[in-house]
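Working notes, beginning with the structure itself.
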Amino acid sequence: MKISPLPQSPNLTVDELTQQIKDALTSIPLFFNFRVRGEIEGLKRHSSGHAYFTLLGQNSRVACVLFRSNAASVVAWPKDGDEVFVEGRLDVYGARGSYQVYATRLLPLGAGAQSRAKEELRAALEKEGLFDPRYKRPLPYYPARVAIVSSSSAAGLQDVIKV
C-alpha cells in the first residue's frame, strides 16, 4: 500500500513546525504578560541562579523557568505544594519542542505563605545584624544635618530647599 501526501498539506521539517508553533503562540497578546495561579511542584534552584519548576492545575501542568535576574527578587522561596501566582510570558523552548512560562515574578498565596515570607525576611535581616540593639540610636528632636539624595534638577529637591 502506497501512501501519498495530500496535495494541500505542506512538507515541514521539525524545526519549521516548531517555529510555526512558536510564531503562532507569541503573536497572541494575552501571552506577552499574564498571571497564572497554580501549585508549585519540583522546584529546583540551580547554581546558575535560575529556578525551574512545574505549575500544577487540577487537570494540567505547565513547565516554568525563572531566570537569575528575576529570581533575585524572590524574598521567600515557595516549597512544593505551595500555591502561587506566577507572572510571566509564554514561549516555546525549541530544543524540547514544548511551551513553557518564562516567569518574571512569584507571588505566594495564602496566610501561611505570607507569614513564612515575613519570617524568612526577618531572619535574613537579623543575620545581617540589622536588629541588633547596639546599633539603635534615638532620633534627635531637631536634626543637626539633613541629607537629600536626588538629582540637582528634581522638583522635590527644590521644594526642600525653599521650605
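General observations
- Where a residue in region 32-54 is of a type outside the set (Asp, Glu) and its partner, wherever it lies, is assigned to a loop (DSSP other than H, G, I, E, B), with Cβ under 6 Å and at least six apart: Gly38/Gly57; Ile40/Pro78; Ile40/Asp80; Ile40/Asp82; His50/Phe67
- Out of Ser152, Ser98, sole residue that is without any contact (Cβ under 8 Å) to a residue 40 or more places away in the chain, under 22 Å from Leu56 (Cα atoms) and over 19 Å from the mean Cα position of the chain (by Cα): Ser98
- Subset of region 134-160 [outside any loop (DSSP other than H, G, I, E, B) and open to solvent by 100 Å² or more (accessible area, probe 1.4 Å)]: Arg134, Tyr135
- Listed conditions (1) in contact with a helix residue (DSSP H, G or I) (Cβ under 7 Å, 6 or more places away or on another chain); (2) assigned to a strand (DSSP E or B); (3) polar (S, T, N, Q) are all met by Ser48, apart from (2).
- Any hit, region 107-117, residues being more than 30 Å from Lys22 (Cα to Cα) and open to solvent by 100 Å² or more (accessible area, probe 1.4 Å): yes
- Looking only at residues of region 32-56 that are farther than 27 Å from Leu125 by Cβ and in contact with a Phe, Trp or Tyr (Cβ under 9 Å, 6 or more places away or on another chain), we find that the one that is surrounded by the most Cβ atoms within 10 Å (Cβ to Cβ) is Gly38.
- Considering (1) out of contact with any helix residue (DSSP H, G or I) (no Cβ under 7 Å at 6 or more places or on another chain); (2) aromatic (Phe, Trp, Tyr); (3) open to solvent by 40 Å² or more (accessible area, probe 1.4 Å); (4) under 30 Å from Thr18 (Cβ atoms), the lone condition that Tyr102 does not fulfil carries the number (3).
- Top-ranked residue in region 57-80 [being open to solvent by less than 40 Å² (accessible area, probe 1.4 Å) and not in a strand (DSSP E or B); ranked as nearest to Pro29 (Cα to Cα)]: Ala71
- Hey, Leu130 at pLDDT 85 or above, within 22 Å of Ser73 (Cβ to Cβ), in a helix (DSSP H, G or I) and over 18 Å from the mean Cα position of the chain (by Cα) or not: no
- Among the residues of region 29-48, those that are over 13 Å from Gly88 (Cβ atoms) and modelled with pLDDT of 90 or more comprise Glu39, Ile40, Glu41, Gly42, Leu43, Lys44, Arg45, His46, Ser47, Ser48.
- Glu83 falls short on exactly one of the conditions (1) touching a strand residue (DSSP E or B) at 6+ places or on another chain (Cβ under 7 Å); (2) exposed (fewer than 10 other Cβ atoms within 10 Å of the Cβ), and that condition is (2).
The values are calculated or read from the model by the stated rules, or taken from the named source; none is laboratory data. Because the structure is a prediction, the values reported are computed rather than measured. Neighbour counts are summed over all protein chains in view; Cβ atoms, including those assigned to glycine, are modelled from backbone coordinates with ideal geometry. Quick note on the areas: whole protein, heavy atoms, side chains included, nothing else; ligands and nucleic acids left out. Shrake-Rupley method; radii C 1.70, N 1.55, O 1.52, S 1.80 Å.
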